[in-house]
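Visitor: My structure is below; once you've seen it, I'll send some questions.
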Amino acid sequence: MRFLYSFLNWLIFLFCAPFFEGVMRRITARVQSRKGPPLLQPYYDILKLLGKESMNSTGHRIFNAAPMIAFASISAVAVLAPLGSRPGALASHADIITLIYLLTLGGVSVLLGALASRNTFAVIGASREMVTMIMVEPVLAMTLILGAVKAKSLMPVGAAFGAKTAGFGISSALMLVVYLLALQAFAGRQPFDIPEAEVELLEGPYIEYSGPGYALFRCYIMMKRMFYAGLFIAAFVPVIRGLPYVLGLMAHLAGILVVFVIISLVGATNPRLRIDQAVKYYAVLILAALCAVGLAAKGF
Amino acid sequence: MRVTDIGEMAIRNVKDLSEILKAAFPAAIKGTESPASNRLYVDVAAGAVKDVSLKLVSLGGRFQISVGYDDIGRRNALGYIQTFAFDGAGFIAALRTEVPVASPELDSVAADIPGADWPEREAADLLGLKFKGHPKPKRLVLADDWPEGIHPLRKDVPYNLIPPAAEDVAYRLDEAPPGTTVVPVGPFHASLHEPEHFAVYVDGETIKGCDYRGFMVHRGIEKLCQTQVTYNEVPFIAERICGICGSVHAAAYAQAVEEAGGMTVSRRAAYIRTIMLEIERLHSHLLWIGLAGHMIGFDTVFMQAWRVRERIMWLSERITGNRKTYGMIIIGGVRRDITPEIGDEVLGVLSEVEAEVRILMKSVIGDTAVHRRTKGVGYLSKEDAVRWCLVGPTARARGIRMDVRKDHPYAAYGEMEFDVPVADSCDVWGTVVVRFLEIFESIRILRQALSKMPDDGPLQTAAGAPLAPLKHGLFCVEAPRGEVIHYVITGEENRPERWRVRAPTYPNLQAVPSMLMNNQFADFPIIVGSIDPCYSCTDRVAVIEIGAKNKYILDRNKLEEISRRRKT
């Protein structure tokens, strides 16, 4: 039964993520006075990519493996992630360290794929991706650790829901703000879509990818976005916790939708930052996140 | 010469300059000619060209362009003309010289006037002139596999010559500074709209240098018009030099020919020309603002600016029948009238556009995120901007108050009231501000032109007599991107003997490597984009398309055949 729920978790992530992507595109289009693509466009894109040939210009094996590793790691995250009123069903087998590890593995596989493609733009994109990862991952880690500190457990269950079990103190409020400010970076949207920067880097790390390989990377990106949006709801919106499964799930997905609307609106009304400017911004976030954890440890 | 000396002998008019030159170089100056109060043609001995050029620059002349031409048939010589604008005094001086074809050598001025770098290399490629002491004597215009010794603009080279293609020839990039890697931006890249190649040398993400290889899609327009068509057909080809500012080229060419032939057009025609040029500026500025937004990753600005621009495109279609490439301006006047009804429509659209642009400007100018991406980016000091001979909004963003419409009025601009917005931030931000403000000035000009439009005569004035050969005409027009120059030497077969076009991108693009220096690679698109580069405007000189494998030239019949086949 537990495995069934886990599998369900993964399916929900896999099938809902493109829909949220579609919503994001539609909202962006509306802000720009455009009609926008159909809501289902991201599904069509994925299907079309899956039917195409995968080009590998260098013949490197890592180039082929990277999208699969990325997809596998984000799938594992989806299995563990809290969704609705239930924590990930396999939560008792993994702790928050595992979760962070899996998320980082996804990022690392993007880097490996980019480096294996030996494209100058991919390499620049990879170095930006690396900087972004180093600077943004700590905020995520702090969010989870804050939960862990409050719940006095490293289990994802406790971590994600800890903020609520222990009440909504100053530390949680601070972390909520930090998380919101880091949201665009988590989602890789303007002003923080720096590694992909279309106009100068032509999608950076993904430039050489095509066909099924690129489809897997697209899925990886979309599911990652959904995970970060979902984590926000799970960690900072206590209401859904007590609800029955289906209702909790609906509430959670609705919450994610709202987060995606915010991401789209912020993304559509900001230019892209340069990596040096972004790093300064991230540094402030890390500092604030550290403070939040410190406060939590002191019991605030 | 010290800078203070310039003030003491301020040049007020053509006469001042000609006297100063005669006094300074009594032996070298062979003669001067001033057909109008705003033109001075100076004939000078080849040996003194460099000295006289530098003197003109020190007197406050702004180097514009050089024109090389084949005069082998008459005088067994190659001609070389350099033009200098005296913007404050409102006239242009052309320095004419010739060198024997057997030893076509001149002293290079490129080391002292950086803006003369490309014109000299171009003359070397296309005419076989040699410039002693040129700092970078590389090929500029000709393809890398073009044989040595064939100079396409010489008259003995047929316009449809196809030399055999060579394998294994490539442009040799400049040496990369130590410790840098090369990022190839081009020949095809998302932030370039046309095939060009920038080799950007980066250290990490910081740009440490840049080499440029362009001129990849030559269309041979100058050669074509000098050999195959007649005066009256050229304006339509001139319009196709640029997809954005076509009227500008047609206007500059038409006015240069009118000047060479001593023709005048009716004031109504001049007003209609002014209206078309300003409509073009409006849509071009909105286009640029959109692109600039896109280049800093702000697509909402892109979409909104283009939505507003669309109204202007519809308006153009209403007036001329075309969204672009209007075919309005011809020698002797314009082709269509602007009736009062259309005038009212224009005014209606203008107020809508004005309101929308105000909102757009408020949201862009007030956005601190935009400030972060544009302020201090692409910095080039005012002194350097003068040295590089920058023109248009790129120069005005660097504190240079120059605008052909004010300095050398043409069409009906002399009767219009408008300001020339200038910024002194010397960066991309300044360009954004200047372009926004210019939109409102354009609207102001359009309103005046429509309300004051005279009804004084024919839209088209025919030339009284055939144009006398070997007359020189020269005209500048302020395109949305900056100054356009057309130099015409009239010919004998009812077509120009020499027609030289210089688009504003030509000087501005030369300064881009300096603007890029020590900026972040992420700022590359917006810095290159800030000059609103129009590569096709620079790529117009050489002669033939060279396909890699199958070479052919489309003649008229083939072209018609293809277009007919496509239709069905």
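Visitor: Could you state the angle between the C-alpha long axis of helix A:2-31 and the longest principal axis of the C-alpha atoms of chain A, as a value from 0 to 90 degrees rounded to the nearest 10?
Guide: Orientation of helix A:2-31: about 60 degrees from the principal axis.
Visitor: Please find the FRET efficiency linking A:Tyr44 to B:Ile20, where r is the Cβ-Cβ separation and R0 is fixed at 45 Å, and quote it to the nearest 0.05.
Guide: So the FRET efficiency works out to roughly 0.05.
Visitor: Can you give the angle from 0 to 90° between the axis of helix A:211-236 and the longest principal axis of chain A, with both taken from C-alpha atoms, to the nearest 10?
Guide: Result, in degrees: 20.
Visitor: While we're looking at this one, here's another question. Only bridges whose two residues both fall in the protein assembly as shown count here: according to DSSP, what percent of them are antiparallel, nearest 5? Working shown, then result.
Guide: Details: 54 of 62 bridges.
The antiparallel fraction comes to roughly 85 percent.
Visitor: Another question about this same structure. For the peptides B:477-484, B:291-298, B:22-29, what is the packing order when you average, over each peptide's residues, the other Cβ atoms within 10 Å and list the highest mean first?
Guide: Those peptides, ordered most packed to least, come out B:477-484, B:291-298, B:22-29.
Visitor: Then there's this: Summarise the partner chain shielding of B:291-297 as one whole number: the mean count of Cβ atoms from other chains within 10 Å of each residue's Cβ. Kindly include the intermediate steps, with their values, before the conclusion.
Guide: Working: counts 1, 1, 1, 3, 5, 9, 16.
Counting other chains' Cβ atoms within 10 Å and averaging over B:291-297 gives 5.
Visitor: May I pose another question? With a point put 7 Å past each Cα toward its Cβ, work out how far A:Met55 is from B:Asn494 in nm, to one decimal.
Guide: Calculated label separation equals 5.1 nm.
Visitor: Mind checking A:197-205 for the average number of partner chain beta-carbons within 10 Å of each residue's beta-carbon?
Guide: Values: counts 7, 7, 13, 16, 7, 4, 1, 0, 0.
The per-residue average across the peptide is 6.
Visitor: When a/c is below 1.5 the answer is rounded, else prolate if a/b is larger than b/c, else oblate, so apply that to the range B:246-337 with a ≥ b ≥ c taken from the square roots of the Cα gyration tensor eigenvalues.
Guide: Prolate.
Visitor: Now for a separate question. What shape does chain B have by the C-alpha gyration tensor, where a ≥ b ≥ c are the square roots of the eigenvalues, rounded means a/c under 1.5, and otherwise prolate means a/b greater than b/c and oblate the rest?
Guide: rounded
Visitor: If you take the beta carbon distance between B:Ser351 and B:Glu415 as r and set R0 to 22 Å, what does 1/(1 + (r/R0)^6) give as a FRET efficiency, to the nearest 0.05? Walk me through the numbers before you get to the answer.
Guide: Working: r = 22 Å, r/R0 = 1.02.
In this case the efficiency is close to 0.45.
Visitor: Quick check on the range B:3-165: take the gyration tensor over C-alpha atoms, sort the square-rooted eigenvalues as a ≥ b ≥ c, and tell me if it's rounded (a/c under 1.5), prolate or oblate. If you can, show how the numbers build up before the last one.
Guide: Numbers: a/c = 2.30, a/b = 1.88, b/c = 1.23.
Because a/c hits 1.5 or more and a/b exceeds b/c, the range B:3-165 counts as prolate.
Visitor: Given the range B:221-538, what percent of its DSSP beta bridges are antiparallel, to the nearest 5?
Guide: So the antiparallel bridges in the range B:221-538 amount to around 100 percent.
Visitor: Provide the net charge surrounding B:Glu278, with neighbours chosen by a C-beta distance below 12 Å and charges set as Lys +1, Arg +1, Asp -1, Glu -1.
Guide: Net charge around B:Glu278: +1.
Visitor: Return the distance in nm (one decimal) between the two label points of a simple spin-label model at B:Ser37 and B:Lys155, each offset 7 Å from Cα along Cα→Cβ.
Guide: 3.7
Visitor: Could you tell me the calculated FRET efficiency between B:Asn322 and B:Ala27, based on Cβ-Cβ distance and R0 = 60 angstrom, to the nearest 0.05?
Guide: Numbers: r = 54 Å, r/R0 = 0.90.
With R0 = 60 Å, the Cβ-Cβ based efficiency is 0.65.
Visitor: How large is the helix-only mean residue ellipticity at 222 nm for chain A, computed as the sum of -39500 (n - 2.57) over DSSP H runs with n ≥ 4, divided by its residue count, in deg cm²/dmol to the nearest 500?
Guide: Here the helix-only value at 222 nm equals -25000 deg cm²/dmol.
Visitor: Once you put a point 7 Å from the Cα of B:Ala170 and another 7 Å from the Cα of B:Lys452, both along the Cβ direction, what distance in nm separates them?
Guide: Label at B:Ala170, label at B:Lys452, 5.8 nm between them.
Visitor: Subtracting the Cα-Cα distance from 0.36 nm times the residue separation, let me have the gained length for A:Leu11 to A:Ala297 in nm, one decimal.
Guide: That works out to 99.3 nm of additional length.
Visitor: How far, in degrees from 0 to 90, does helix A:156-165 lean away from the longest principal axis of the Cα atoms of chain A, to the nearest 10?
Guide: Between the helix axis and the principal axis of chain A, the angle is about 50 degrees.
Visitor: OK, next. For each pair in B:Lys324/B:Lys452; B:Lys15/B:Lys50; B:Lys155/B:Lys223; B:Lys30/B:Lys50, compute the distance between the two Cα atoms and list the pairs where it is over 18 Å. Walk me through the intermediate numbers first.
Guide: Numbers: B:Lys324/B:Lys452 26 Å; B:Lys15/B:Lys50 22 Å; B:Lys155/B:Lys223 9 Å; B:Lys30/B:Lys50 15 Å.
Pairs exceeding 18 Å: B:Lys324/B:Lys452; B:Lys15/B:Lys50.
Visitor: Within a 10 angstrom radius of each residue's Cβ in A:260-273, how many Cβ atoms of other chains show up on average? Whole number is fine.
Guide: Shielding by partners across A:260-273 averages 4.
Visitor: Could you grab the relative contact order for the range B:221-538? Cα pairs under 8 Å, six or more apart, rounded to a whole percent.
Guide: 27
Visitor: If you don't mind, another one. Could you tell me which helices of chain B pass both thresholds, a Cα extent of 24 Å or more along their own axis and a mean Kyte-Doolittle hydropathy of at least 0.0, with helices taken as whole DSSP H runs?
Guide: Membrane-span-like by this criterion, though nothing is claimed about a membrane: B:267-295, B:340-365, B:428-452.
Visitor: When a footprinting reagent is the concern and you count Cβ atoms within 10 Å, what order do A:Cys291, B:Cys534, B:Cys210 take, fewest first?
Guide: A:Cys291, B:Cys210, B:Cys534
Visitor: Want the number for B:Lys136 to B:Thr230: 0.36 nm per residue separation, take away the alpha-carbon distance, what's left?
Guide: Result for the pair: 30.2 nm of gain on full extension.
Visitor: How many angstrom lie between the C-alpha centres of the range B:238-271 and the range B:160-191?
Guide: Taking the Cα centre of each part, the range B:238-271 and the range B:160-191 sit 36 Å apart.
Visitor: Using only the Cα atoms of the protein assembly as shown, construct the convex hull and provide its projected area averaged over every direction, in square nanometres to one decimal.
Guide: Taking a quarter of the hull surface, the average projection is 41.3 nm².
Visitor: Also, quick follow-up: Computed over the Cα atoms of chain A, what is the convex hull's projected area averaged over all directions, in nm²? Working shown, then result.
Guide: Numbers: hull surface 59.4 nm².
Value for chain A: 14.9 nm².
Visitor: Need the C-alpha centroid separation for the range B:11-89 versus the range A:256-283, integer Å.
Guide: Here the two parts' Cα centres lie 57 Å apart.
A short reminder: the numbers here are calculations on the coordinates, not readings from a lab. All values derive from a computational prediction rather than experimental measurement. Backbone-built Cβ (ideal geometry, glycine too); neighbour counts: all protein chains shown.
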